[in-house]
């Protein structure tokens, strides 16, 4: 586990803690009930954060491995 | 025959033809049949795991759940993100271990990690028992789609039989290759139908998505929120947690990860999948649109919501297209489930019960068991009245019981002992069975708990008992002197024990007469440590040999 992996805690907290405090219909966000909008925003956020983690992992892997494995670019 | 029925039959025929054509050449080994020779690219792995999500459960189940339970259906949006976050760290080590040991199925993994074929049998049985409700759910969906979309020309029972027949045929013929191709067709059709319905119906009936939700909120206040009791926020959070832990414990999803060519495919998957889950929103919109338009569906009828509103809104030919999407959404995942269940039966139960069978015999019996498993599922489909989501939640509660033991086995020092693993899984599964049979709730079992905790998903009880058992039995059964998993290998047919066995074999051989250091011809029935086909490989392989034997790692040529 590297420090950047801590980003993954955000979606976890957003789904497992968020609903306990955000169980409400109003205000409507983009026309959707608030809790539904909250959970779907979490999906988008998860993809972005996991993408960041993946990129950081790839970069550090490339630095530590002198000869990159050819399969990686396949 | 009306136009809807024609289109549905066309979809069935297409699925069957694609599935059968995808058969890769002649002589498929179990590895080819079940995990596609471990040669699938990122795109196909993505489709296989993503396609697992877009089943009947989504198409009929979640729209029906939104229709019947309102805000509680949001849980479906919640667990998508979490299970993929978990997968980023969970799947690569599983994939690496499976590749090193040439594992085929999920129980193989448990058996190899804990060096116990008995644990393999136990996890195989848990897997099969959990897969049956999942298969029943797909068949149920098939029946509903066929009978409603054919305007009752065919009965649900006939629909179940026809669909089950198609699944069984192409699973027997093509295995996972058939599934991979039909997954592509299915995902395209199901997603375009879902997006279209999710946008068209709210606009048609309410003038847009925002007006739809305001109207529902006005007509039925609190329907769009979670109730204070029952399916409360605590229920939602605990259900999301259970579904997250259970998601990758499904034997067929576990096996789908083995098909990856490289572990990076799994990590990339974790980045892309959450956004893909947004498609679920459109299906929920359909369910919400139906609330005020086709009111009055009760009990297990809520699964009909999507089809009823389609009947009320479209011409027969388009109902046929929707029906075709529904049929494919049931057929394709159904085939994956059926294939997995029969692989588990043949590879992890039958092989252990009757040791010494050849690889070809096991592969053949896996195919023969597929129709038998299907018959069991048909029986339960025709004799049960649960809704799609409740069937799925029961299956999830069962497979989640494998998670603690699996998570422990991935630790660098696995503290959990073999008896503890047995005890924990058995206690968890027994609790799930008790709870589902008696239909208990947390409030009924533990009346002394504070109100907030009474709404916890009842599957949590089983998971907590499971972890407690692990914590209690492990120290009791631990021998302080000996390393936990060493000792005699029982050699019942699992890779871990073969490695030990074959090493012994070669040491003895080296002392006697071999001019070769690493290989020896094997008797016809004995299999090498790399699980090669007996005819292709007569050599003893070491797990530390870098190059895989060409005989079993054939590239996928589909």
Can you tell me which residue is nearest to residue B:9 (Cα to Cα) among those in region B:300-310 that are in contact with a helix residue (DSSP H, G or I) (Cβ under 6 Å, 6 or more places away or on another chain) and modelled with pLDDT under 85?
B:303
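Looking at B:234, B:240, B:294 in this structure, which one is surrounded by 19 or more Cβ atoms within 10 Å (Cβ to Cβ) and free of Cβ contacts under 8 Å to residues at least 24 places away in the same chain?
Sole residue among the options that is surrounded by 19 or more Cβ atoms within 10 Å (Cβ to Cβ) and free of Cβ contacts under 8 Å to residues at least 24 places away in the same chain: B:294.
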Hey, among the residues in region B:59-78 that are within 19 Å of residue A:32 (Cα to Cα) and within 19 Å of the chain's Cα centre (by Cα), which one's farthest from the other protein chains (Cβ to nearest Cβ)?
B:62
Please find, within region B:146-178, the residue that is surrounded by the fewest Cβ atoms within 10 Å (Cβ to Cβ) out of those that are closer than 16 Å to residue B:325 by Cβ and under 22 Å from the mean Cα position of the chain (by Cα).
B:166
When you go through (1) in contact with a helix residue (DSSP H, G or I) (Cβ under 7 Å, 6 or more places away or on another chain); (2) modelled with pLDDT of 85 or more one by one for residue B:372, which number turns out not to apply?
(1)
Quick one: in region B:205-224, which of the residues that are surrounded by 15 or more Cβ atoms within 10 Å (Cβ to Cβ) and farther than 14 Å from residue A:30 by Cα is farthest from the other protein chains (Cβ to nearest Cβ)?
B:205
Select from region B:274-286 the residues that are assigned to a helix (DSSP H, G or I), facing chain A (nearest Cβ under 8 Å) and closer than 14 Å to residue B:84 by Cβ and list them in ascending order.
B:274, B:275
Considering region A:22-36 alone, what residues qualify as being assigned to a helix (DSSP H, G or I) and either at the interface with another protein chain (Cβ under 8 Å from one of its Cβ atoms) or in contact with a helix residue (DSSP H, G or I) (Cβ under 7 Å, 6 or more places away or on another chain) (or both)?
A:35, A:36
Within region A:5-21, track down each residue that is within 7 Å of chain B (Cβ to nearest Cβ), under 15 Å from the mean Cα position of the chain (by Cα) and farther than 17 Å from residue B:270 by Cα.
A:16
So the helices (runs of 4 or more DSSP H) completely within region B:189-263 holding 1 or more residues that are more than 26 Å from residue A:15 (Cα to Cα) are B:209-219, B:251-258
For the structure I just gave you, tell me whether residue B:319 is more than 14 Å from every other protein chain (Cβ to nearest Cβ) and more than 28 Å from residue A:12 (Cα to Cα).
yes
What's the number of the only condition in (1) more than 27 Å from residue B:452 (Cα to Cα); (2) modelled with pLDDT under 85; (3) within 13 Å of chain A (Cβ to nearest Cβ) that residue B:271 fails to meet?
(2)
Evaluate the following for residue B:130: is it within 15 Å of the chain's Cα centre (by Cα), closer than 22 Å to residue B:382 by Cα and part of a helix (DSSP H, G or I)?
yes
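Do we find that residue B:464 is part of a helix (DSSP H, G or I) and in contact with a helix residue (DSSP H, G or I) (Cβ under 6 Å, 6 or more places away or on another chain) in this structure?
The answer is no for residue B:464.
The values are calculated or read from the model by the stated rules, or taken from the named source; none is laboratory data. Computed from a prediction, not measured in an experiment: that's the story for all the values here. All Cβ positions, even for glycine, are placed from backbone atoms using ideal geometry, and neighbour counts span all protein chains on display.
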